[in-house]
Amino acid sequence: MILPMQKQHLFIGLFLLAASSLLFSCDKSFGDTRPDGRLVPPTVTEDSSLPSITVNGVQLHAEAYGHPDSALLIVIHGGPGSDYRYLLNCKAFADHGFRVVFYDQRGAGLSERFPQSHFSSVEILSDELHGVIAHYRTHTDQKVFLLGHSWGAMLAAIYLNDRPNAPIDGLILGEPGGFKWDDFSGYINRSQDFKLFSESLNDAIYADQMLSGKDDEHEILDYKLDLLTSVGDSKDSPVGNEDFLPKWRSGAATFMAYSELGPRIKPDWTQNLHLYNTKVLFLYSENNKAYGRAHAEHVSSAFPKVELFETKDAGHDMLSFPRGWNNSFPVMLNYLNSLK
Amino acid sequence: MQKHLLPLLALLLAGTTASLNAQVLNWQNLSREQRHIIHVNAGMEYALIYGAGYNFHPATRRPLLLGLDISLPVGNRAFDDLKVRTGIQLELYKMNKLRLSGQIKGIYRRYENAIVQLDNFGSETGLTLGYYRRRWFVAADGNFDKAIVTHFKHSATAREDYPDIANGWFVPTAGNFLYGLQAGFSLKHTDITLKAGKIVSQDFRHAPMIPYYAQLGCSWKIGG
């Protein structure tokens with residue numbers, strides 16, 4: 001016979017047993033059991049058939065088009081944590097006498113992955129850009145141009161701020177958020193201004209309860225960021241893109257690291273930009289309601305010589321879709337040819 | 001008080017605020033004759049959500065509830081994302097006004113965007129320890145929300161980016177701890193409840209985009 005108190009303890013015991021069996025399942029990794037295939041493509045460290053270079057000891061997904069001795073045009077993608085696939089229209093410069101270099105920044109696209117703690121400063125990406133230029137530069141007379149978009153445009157400016165004497169012969173910047181923290185954070189807030197009850201906001205965050213990963217589970221962390229960033233391409237996003245942006249694979253660790261680092265250090269990357277005396281071609285788009293001419297004038301004023309160009313009929317990713325590309329390409333080509 | 005309840009109910013049903021989680025109940029106020037409990041709630045849990053549910057209170061020596069509830073995030077496409085939970089919530093231990101209750105529930109969740117449709121089956125296990133009076137209560141609770149098995153079905157947009165992207169069942173896919181406080185004010189047939197707390201991933205290092213939850217709820221006990 002079970003006495004009332006024993007019965008109570010038995011009851012609690014059974015409940016805790018059932019609960020603990022569920023709790024112990026936390027040790028398992030994401031997708032221990034799964035179908036064939038992956039949620040994101042393999043990186044260069046997992047697939048040796050991918051084109052890659054090694055810079056500063058890190059294996060980067062990279063490729064180059066055009067004659068190796070032609071003027072270098074280094075294309076720098078956005079993010080942090082995006083990749084260069086959406087900028088592949090820029091291959092067209094190779095047909096006009098340029099050596100066009102694409103690379104995925106470390107931790108992004110198909111480049112080597114690192115834990116979030118690896119990205120303790122932005123300088124590692126600036127140093128990496130320096131290494132990429134050195135890797136592809138075949139002779140000291142070879143001219144070097146940088147074409148950065150969004151975060152990539154910020155990184156190009158950071159690079160010049162870090163190395164005012166770097167031999168950069170021309171600079172094309174497409175809608176950098178800002179070179180000072182307040183400018184950047186203000187733009188980000190405007191660009192993510194989704195309505196509180198919108199489907200886009202819900203699409204961005206509701207999957208959190210179904211998908212989570214540990215620090216080293218890059219597949220699911222990157223996949224989750226893919227879901228999040230796809231919201232930026234939606235019709236109710238203020239950045240005004242025409243469609244979904246093509247990509248290889250997001251880099252969650254680098255995105256999270258720099259998202260946390262920015263508010264902490266509140267950077268100002270403008271101190272040395274006044275030393276860059278070559279005219280900068282600064283692109284902004286007509287349909288990005290979060291950017292606009294006033295922000296473009298303000299951000300670009302860090303440089304002494306600037307040519308502002310509004311890309312008509314395009315949004316933030318003006319280099320990725322036909323209307324924006326067709327409007328921007330001739331202006332960029334003229335600019336580069338004038339300095340070649 | 002009744003006249004204040006009606007606008008509140010209208011507000012909750014209209015879903016103008018958001019969220020919903022477990023049934024929050026004043027056990028001290030629950031009589032044996034009150035066999036049916038319906039509730040609505042709204043607030044924030046992973047997203048802005050609203051919902052409703054039903055609990056059956058069988059005539060057992062130890063109070064327990066058998067329940068079913070649904071919550072929906074706000075948005076302009078109804079039922080593309082949702083959460084349905086069913087399970088048992090029971091009193092485990094009682095000492096004077098202190099009560100310990102537990103819950104084990106099964107969860108079905110659905111999420112859809114332009115990239116993927118996710119169908120998930122999971123569980124929620126939790127304990128609530130509180131001080132309960134007939135007119136009010138305050139309690140602390142902790143829950144483990146496990147996304148055990150999730151089916152991925154990717155769209156043509158996703159396959160354009162990555163043609164080999166996998167479709168099918170992945171096990172497991174997530175786990176989050178939710179912990180916080182709850183409190184309520186009770187009339188004979190009605191509980192007005194509020195709960196809030198924090199969400200952290202099972203590795204205790206990460207958190208969802210919205211790392212907090214909050215819920216305003218209202219329950220009606222029918223019978224007695």
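Tabulated results
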item	result
In segment B:182-200, the residues that are farther than 30 Å from A:Lys214 by Cα and among the β-branched types (Val, Ile, Thr)	B:Thr190, B:Ile192, B:Thr193
Boolean, B:Thr173 is within 7 Å of chain A (Cβ to nearest Cβ), out of contact with any strand residue (DSSP E or B) (no Cβ under 7 Å at 6 or more places or on another chain) and in contact (Cβ under 8 Å) with a residue 24 or more places away in the chain	no
Subset tally (residues that are of a type in the set (Lys, Arg) and part of a helix (DSSP H, G or I)) for segment A:313-340	1
Selection within segment A:204-240 - in a helix (DSSP H, G or I), over 14 Å from the mean Cα position of the chain (by Cα), modelled with pLDDT of 90 or more and more than 7 Å from chain B (Cβ to nearest Cβ)	A:His218, A:Glu219, A:Ile220, A:Leu221, A:Tyr223, A:Lys224
Some residue of segment A:277-289 being in a helix (DSSP H, G or I) and more than 11 Å from every other protein chain (Cβ to nearest Cβ)	no
Members of segment B:136-170 that are without any contact (Cβ under 8 Å) to a residue 40 or more places away in the chain, polar (S, T, N, Q) and surrounded by 21 or more Cβ atoms within 10 Å (Cβ to Cβ)	B:Thr150
Test: B:Ile210 is part of a loop (DSSP other than H, G, I, E, B) and under 21 Å from B:Ser71 (Cβ atoms)	yes
Of the criteria (1) at the interface with another protein chain (Cβ under 9 Å from one of its Cβ atoms); (2) on the phi > 0 side of the Ramachandran plot, which one B:Phe204 fails	(1)
Tally of residues being in contact with a strand residue (DSSP E or B) (Cβ under 6 Å, 6 or more places away or on another chain) and polar (S, T, N, Q) across segment B:81-96	2
Which numbered condition A:His135 misses (of (1) touching a helix residue (DSSP H, G or I) at 6+ places or on another chain (Cβ under 9 Å); (2) more than 14 Å from every other protein chain (Cβ to nearest Cβ); (3) in a helix (DSSP H, G or I))	(1)
Matching entry among A:Lys279, A:Lys266, A:Lys289 (being in contact (Cβ under 8 Å) with a residue 24 or more places away in the chain, of a type in the set (D, E, K, R) and exposed (fewer than 14 other Cβ atoms within 10 Å of the Cβ))	A:Lys266
Any hit, segment A:116-123, residues being closer than 21 Å to A:Val299 by Cα and surrounded by fewer than 24 Cβ atoms within 10 Å (Cβ to Cβ)	yes
Cross-chain or 6+ apart pairs with Cβ under 9 Å, segment B:101-119 first and touching a residue at least 60 places away in the same chain (Cβ under 8 Å), then outside any strand (DSSP E or B) and hydrophobic (A, V, I, L, M, F, W, C)	B:Ser101/B:Leu25; B:Ser101/B:Trp27; B:Gln103/B:Ala22; B:Lys105/B:Ala22
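The values are calculated or read from the model by the stated rules, or taken from the named source; none is laboratory data. None of the values given here were measured: they were computed from a predicted structure. Cβ atoms come from the backbone with ideal geometry, glycine included; neighbour counts cover every protein chain shown.
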